[in-house]
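The values are calculated or read from the model by the stated rules, or taken from the named source; none is laboratory data. Remember, it's a predicted structure, so these values are computed and weren't measured experimentally. A quick note on method: Cβ atoms are made from the backbone with ideal geometry, for glycine too, and the neighbour counts reach across all protein chains shown.
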Amino acid sequence: MSNNHFKKANYTVLLLVKLHTAIARRLQKKFNASAMNLTIEQWSVLYHLWKRDGISQQELCNATFRDKPSITRLVDNLEKLNLVKRVASENDRRINKIFLTKQAQKLQEQTMELAEETLNEALEYCASGKDRSM
């Protein structure tokens, strides 16, 4: 690979990181405006539980690309918000399964609508070719 290709690859990665950050900030603003007491990080955990409720904390680590202490902190905070509950595995008490509460299940539709709206705004922005931040 030539040095020029390497520079283009780096530039592409930087653009993707910037886009990801802008989308996450925009979605967080929408959560805040909707009076949701929820962070993007907490939402990402809920998102994976909405796809498959009752997975272990380790499975959440793998799905969200976070380490164990981060997932522990996120689950602790989600428990305080009454959005998830930990249940010790019947087969291995060292393993905690994480389950959604009814309150968390009620948030799914609203948060997913906001996420879809935000993604559509990002796509429109990218398609417009405008040179400004989201």
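Of all residues in the stretch 32-61, how many are among the basic types (Lys, Arg) and buried (at least 17 other Cβ atoms within 10 Å of the Cβ)?
Residues in the stretch 32-61 being among the basic types (Lys, Arg) and buried (at least 17 other Cβ atoms within 10 Å of the Cβ): 0 in total.
Could you run through the stretch 26-55 and say how many residues are assigned to a helix (DSSP H, G or I) and either in contact (Cβ under 8 Å) with a residue 12 or more places away in the chain or under 17 Å from Lys102 (Cα atoms) (or both)?
17
Among the residues in the stretch 88-96, are any over 22 Å from Leu19 (Cβ atoms) and touching a residue at least 40 places away in the same chain (Cβ under 8 Å)?
yes
Test of understanding: among Asn82, Asn96, which residue is modelled with pLDDT under 95 and of a type outside the set (Lys, Arg)? Step through it out loud before you land on a result.
Numbers: Asn82 fails: modelled with pLDDT under 95.
After applying the criteria, what remains is Asn96.
From the residues in the stretch 99-134 that are modelled with pLDDT under 90 and of a type in the set (Lys, Arg), which one is surrounded by the most Cβ atoms within 10 Å (Cβ to Cβ)?
The qualifying residue surrounded by the most Cβ atoms within 10 Å (Cβ to Cβ) is Lys130.
Against the condition small (Gly, Ala, Ser), under 15 Å from the mean Cα position of the chain (by Cα) and more than 24 Å from Asp92 (Cβ to Cβ), how does Ala22 come out, does it pass?
Spelling it out, Ala22 is indeed small (Gly, Ala, Ser), under 15 Å from the mean Cα position of the chain (by Cα) and more than 24 Å from Asp92 (Cβ to Cβ).
Within the stretch 90-104, count every residue that is in a helix (DSSP H, G or I) and of a type in the set (A, V, I, L, M, F, W, C).
Within the stretch 90-104, residues that are in a helix (DSSP H, G or I) and of a type in the set (A, V, I, L, M, F, W, C) number 1.
Just the residues that are part of a helix (DSSP H, G or I) and surrounded by 15 or more Cβ atoms within 10 Å (Cβ to Cβ), please, taken from the stretch 62-89.
Residues satisfying the conditions are Ala63, Thr64, Ser70, Ile71, Thr72, Leu74, Val75, Asn77, Leu78.
Exactly one condition in (1) outside any loop (DSSP other than H, G, I, E, B); (2) more than 15 Å from the chain's Cα centre (by Cα) is false for Leu107; which is it?
Condition (2) is where Leu107 drops out.
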